[in-house]
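Worksheet: the structure to be examined is printed underneath.
The values are calculated or read from the model by the stated rules, or taken from the named source; none is laboratory data. What you see is a predicted model; the values in this text were computed from it and never measured. Backbone-built Cβ (ideal geometry, glycine too); neighbour counts: all protein chains shown.
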Amino acid sequence: MKTIRKGFALLFKITLLALLIALLTPILYFAWQMGKPLSQPEFKELTYYEYMAWRKMAAEDAIAKYMASHPTYEYTGIGAPLTACYSAHVVGGYIFLPAQAFTYALAALNGVKPYEKHPLPTDVTLINFVSKWWDTFEHLFWYNQIYLDSFGSLVVMCRLQPDIPTPEEFEALKMEHQLSVVQ
């Protein structure tokens, strides 16, 4: 009886370890890939992290310019204007797009062929599933950020100029932005 209990305990531990590895592998892979330059030329070799930081700085600058040119404007929405302008990109970029890309990669793994409106990856296997999932995520991210021209927000103060910087320009903008925040 004691041997059976030890066997079940070992099986339980192995199962938990396998689940932990299965959960952490894509998270760590995505975190690693987000630190590498995005493949589409429109991103000008920025990493995902740099691009999202640039979007935040650009949103802060757009809000500041709008507020300066409209001194009588009072924001009555929920949260700060930056939250209203930027939170959808963060939620979409870190939660919804990975989930959507997962469903596309899973569909491709199950043999569904790509068609015009859904950029399903091709040749998906269990071995390359996570990398195909990333490729699909990156395509969807590009599609939403660049192709759909999300710079033209419905909220006037949130409209960004689509002047995506190069990594060198981004570093200069980051330093300039930090100095302007301090003052």
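Summary table
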item: Single match in L46, L38, L24 (criterion: at pLDDT 90 or above and out of contact with any Phe, Trp or Tyr (no Cβ under 9 Å at 6 or more places or on another chain)); result: L24
item: Which listed residue is among the basic types (K, R), assigned to a helix (DSSP H, G or I) and in contact (Cβ under 8 Å) with a residue 12 or more places away in the chain, from K56, K65, K13, K6; result: K56
item: Residues being β-branched (V, I, T) and surrounded by 14 or more Cβ atoms within 10 Å (Cβ to Cβ) - total across segment 104-133; result: 2
item: Residue in segment 32-53 that is farthest from the chain's Cα centre (by Cα), counting only those that are part of a helix (DSSP H, G or I) and of a type in the set (D, E, K, R); result: E42
item: Test: residue in segment 147-165 that is at pLDDT 85 or above and in contact with a Lys or Arg (Cβ under 8 Å, 6 or more places away or on another chain); result: yes
item: Every residue from segment 117-132 that is under 20 Å from A22 (Cβ atoms), β-branched (V, I, T) and assigned to a loop (DSSP other than H, G, I, E, B); result: V124, T125, I127
